[in-house]
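The values are calculated or read from the model by the stated rules, or taken from the named source; none is laboratory data. None of the values given here were measured: they were computed from a predicted structure. Cβ: placed from backbone, ideal geometry, glycine included. Neighbour counts: every protein chain shown. Note: accessible area is taken over every heavy atom of the protein model, side chains too, but ligands, DNA and RNA are not part of it. Shrake-Rupley method; radii C 1.70, N 1.55, O 1.52, S 1.80 Å.
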Amino acid sequence: LNRDYMKADAPEMQAMLGLVRAHRRGLDVALIPDGPKGPPGVAKAGAAELALATGAPLFPVAIACSPCWRLRSWDRLMLPRPFARAVLVVGPPLSASDVAGVAGGRGAQREALRAMLQERLGQATAEADRSTSTGARVPSNRLKRPTPPYRSASTASGSGLPIARRTASTSASAPSGR
């Protein structure tokens, strides 16, 4: 974990270390990249730093539903109405190897991975929104479970949820948490 990224005693650093430890124990780790402070829809560097620190791939995830209520919160939280149609879109994974060739050190790699995550989250969100607003079906290849070496997808509510996954190559050194 790059300790230059934030102060060692900051609550955010303690949370990040907790996620790294959970990943090392074999657990799947999920977080919302636009953070609790926003702005909404803008990925922060924490998910990218986690991927760089653990080597785990990031899966951009978007959820949309229609009809729904929108709360007047900073992120316009979406609550499905009864009998709403909901769509979960899982985008292609991103990994630290995608930015291995970026010059400028760890900070430049983190920013490059954050920007890639931002783009993929936007694509997944647009696809989920299109699928619910038009009633169109999500292509069947988007609904299939990931194939090995990835385990089945975890779910959580909210738009833009990357999931750091353990792969067969990274889980060999740690026992399974299940």
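Residues of segment 36-87 that are among the acidic types (Asp, Glu) and more than 19 Å from ALA22 (Cβ to Cβ): ASP75 alone. Exactly one residue out of ARG110, ARG76, ARG70 is open to solvent by 10 Å² or more (accessible area, probe 1.4 Å) and in contact with a helix residue (DSSP H, G or I) (Cβ under 7 Å, 6 or more places away or on another chain), and it is ARG110.
Applying the set (1) within 25 Å of ARG130 (Cβ to Cβ); (2) in contact (Cβ under 8 Å) with a residue 24 or more places away in the chain to LEU27 leaves exactly one unmet item: (1). Total residues in segment 15-36 satisfying the condition of being assigned to a loop (DSSP other than H, G, I, E, B) and in contact with a strand residue (DSSP E or B) (Cβ under 7 Å, 6 or more places away or on another chain): the figure is 1. Under the condition of being closer than 21 Å to ALA126 by Cβ and of a type in the set (S, T, N, Q), the residues counted in segment 61-114 number 1.
Beta carbons closer than 7 Å, at least 6 apart along the sequence or on distinct chains, pair a first residue in segment 51-74 that is at pLDDT 90 or above with a second that is among the charged types (D, E, K, R) and assigned to a strand (DSSP E or B) for CYS65/ARG85; SER66/ARG85; PRO67/ARG81; CYS68/ARG81; TRP69/ARG81.
In segment 5-20 there is no residue that is among the aromatic types (Phe, Trp, Tyr) and either open to solvent by less than 40 Å² (accessible area, probe 1.4 Å) or under 17 Å from ALA128 (Cα atoms) (or both).
Here is the figure for segment 75-114: residues that are free of Cβ contacts under 8 Å to residues at least 12 places away in the same chain and either under 17 Å from the mean Cα position of the chain (by Cα) or in a strand (DSSP E or B) (or both) total 4.
Across segment 37-57, not a single residue is classified as under 20 Å from ARG120 (Cβ atoms) and in a strand (DSSP E or B).
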